[in-house]
Each structure stands twice: as structure tokens, then as C-alpha cells.
Amino acid sequence: MSQGEIVGAAIVSHHPGLFQTEEFRIAAGDGRDSDLIAGFRRLREKIDVSGAETLVLFDTHWFTTGCHLVDAGAHYEGVFISDEMPWYLHGQKYRYDGDPVLAHICAEVASEREVVARAIDEPTLPRHYATINVVNALVRAEQVMSVGSCQTAATENYLEMGAVIGEAIKRSGRKVVLLASGALSHKFRNINAVPPHPRIYHPDNVSSDFNRESDYRAIALLEQGRHKDILRQFDQEYRRLPWEAWGAHYLQMIGALGGSDCTAKGTALSEYENAHGTGNIHIWFDVSQRDS
Ligand SMILES: [Fe+2]
């Protein structure tokens, strides 16, 4: 078996507004749809070219405690309803295959490295919309392995788990695209707040000028492949905003790509947009450029 490889990576938004009807989305956008919708098509073209067999999806809604988890289920199908906003996100049919082989290799590598992680194969394990929405927007025939966001992990622990996944991908023989499913700054607006801009997706509606400017600086660094600089200031800046799930999606993705040694340059595949105060964008990383 030839060595597996990571053939692409992306930060991808999953916010529920994108999974409403086109008519609703255009009305919310003051006459123009969210550019994240067109961005899903641009991202799908990148995945097509990559030849990926498996998508490793870092799920910022699957919070775990005391252990990193990777999903080892073989197949999932059903109809998703969000218990967070059931009036808004419901009736989402899904059907996809997991990648239990890769998940079990992740557990083996974690054990070798004494990283606290397990592969969990439990057919009744709940789904989360950070996975389901991205599956429905992007996935065709690929297998999908979701990875949790351990809420007792520090920044370096996410990087370690990402490195475990990177090694497991090599051993698996798989061609893999990594999908970091979540937002950058992730502070919601108050329940009674009135967005200042009529186009709901407009960056002016992000929670604060400080968060929006921080996101813009991060996007510039991501485009330049300056992951080392982002990691250096992660705890002082980005974990405090915070990025969604304290950045578990980005940190595990970049850990799999070599951590601070990764220089993969990002390409924005969408405009930067607000969702209920959070900062959202799709960014593709050309992993052929990385030094690691
Ligand atoms: Fe989210």
C-alpha cells in the first residue's frame, strides 16, 4: 500500500442561515445571496481536482470532555434537526459513509504517542450540524471521518491530536482533504441586538470592530501561509475572541499539516461574512506548497 497523503485542506463555514431556502437567503442578504453559497461550489471544485477519497471533518459542535474522539462509524443516514434552533434548522436529510479504518489507525497512533484519544463506533452517536451541513453542501462519494473538539484541551493538545491524524493518514494509504468546519471569531450578538447593516451577511454585523479586525488580520496571515505567526499569538489573541471551539478546527487541521512548520498558503473562496455576530469564510489551502 502506498503512503497516504493530505491533498487539500480548508476552513469552511457551516452556519444554519446557509441551509435555508434561496428566497430566504436572498431576502436576508438585502437582495443578494450569501457568497458562502457560491463558495461551496468553488470548494467542491477544489475537492474534485484533489482526488480525495476521505474528508476528515473537524467538528466544532461535537464537544468532548477528557478525551479527543474520532468517529469510527461505518455509515450514517437520517434526518437532522438542531436542538439549538429546531424552528430554523430541521428536516436536513443526510446519508454518508464514515472511514472506520482511518479512525482506528488514529487511535493506534494516539496510543503510541500517549495522546488521550479514542475511536468511537456507536451507531446512535448524535450528529451535529457542523458535520451534517458540510456533508450536505460538499460531499459526494467521499467517506467522512468527523473529529471532536475536546473542551479540556489546550492549544498544544489540539496540535498534538492533529499530528496524530496526519500520521494516521500517511499509514492509511488514503488521499484526504481536511475540512475545518467552523468560524473564526465566534461571539454572538445579543438576542435583542439589531444588526447595523441591512445585508445580514455584511461584515459590519460581526460582533465588534475588534473581532472583525482580528479576523481580517488572521485572514491575511492565512493567505500568506504564516501559520507560525498565528500559532505564536494563538492563546493571546484568537483563543480569547474566541475562534469557534477555541480554534479546535483550525489547530487540529494545521497540526496534521506540520504545525508551525506548515507554510501552506490560503486562498479565500468566499467573501468574509457575518452570521449572528460570528466571522465566517471559506479558505482553501494549497498543501502542495507546504514545507513539512
Ligand atoms: Fe457553528
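Taking only pairs six or more apart or across chains, which ones have beta-carbon atoms under 7 Å, a first residue in the range 126-146 that is assigned to a helix (DSSP H, G or I), and a second residue that is buried (at least 20 other Cβ atoms within 10 Å of the Cβ) and among the acidic types (Asp, Glu)?
130/59; 131/59
Only one of (1) of a type outside the set (Gly, Ala, Ser); (2) in contact with a Pro (Cβ under 8 Å, 6 or more places away or on another chain); (3) closer than 18 Å to residue 258 by Cα fails for residue 171. Which number is that?
Here residue 171 meets the rest and fails (2).
Might you let me know whether the range 235-242 holds any residue that is of a type in the set (Ser, Thr, Tyr) and farther than 20 Å from residue 115 by Cβ?
yes
All but one of (1) under 18 Å from the mean Cα position of the chain (by Cα); (2) within 16 Å of the ligand (Cβ to nearest atom) hold for residue 56; which doesn't?
Every listed condition holds for residue 56 apart from (2).
List pairs: first residue in the range 87-101 and closer than 15 Å to residue 17 by Cβ, second residue of a type in the set (A, V, I, L, M) anywhere in the structure, Cβ distance under 6 angstrom, at least six positions apart or on different chains.
Final answer for the pair search is 90/81; 92/132.
Of all residues in the range 178-194 being among the hydrophobic types (A, V, I, L, M, F, W, C), in contact with a His (Cβ under 8 Å, 6 or more places away or on another chain) and under 16 Å from residue 43 (Cβ atoms), which is nearest to the ligand (Cβ to nearest atom)?
Among those residues, the one meeting the criterion is 183.
Taking the conditions exactly as written (more than 16 Å from the ligand (Cβ to nearest atom), out of contact with any Cys (no Cβ under 6 Å at 6 or more places or on another chain) and at pLDDT 95 or above), does residue 277 satisfy them or not?
It is false that residue 277 is more than 16 Å from the ligand (Cβ to nearest atom), out of contact with any Cys (no Cβ under 6 Å at 6 or more places or on another chain) and at pLDDT 95 or above.
Identify all residues within the range 238-292 that are within 30 Å of residue 198 (Cβ to Cβ), assigned to a loop (DSSP other than H, G, I, E, B) and without any contact (Cβ under 8 Å) to a residue 60 or more places away in the chain; write none if there are none.
Answer for the range 238-292, where residues must be within 30 Å of residue 198 (Cβ to Cβ), assigned to a loop (DSSP other than H, G, I, E, B) and without any contact (Cβ under 8 Å) to a residue 60 or more places away in the chain: 241, 242.
Any idea which residue in the range 3-34 is nearest to residue 186 (Cα to Cα), counting only those that are acidic (Asp, Glu) and surrounded by fewer than 14 Cβ atoms within 10 Å (Cβ to Cβ)?
Only one residue fits best here, namely 30.
The values are calculated or read from the model by the stated rules, or taken from the named source; none is laboratory data. Bear in mind that the values here come from a model prediction, so they are computed numbers and not experimental data. Cβ sites come from the backbone with ideal geometry, for glycine too, and all protein chains shown count toward neighbours.
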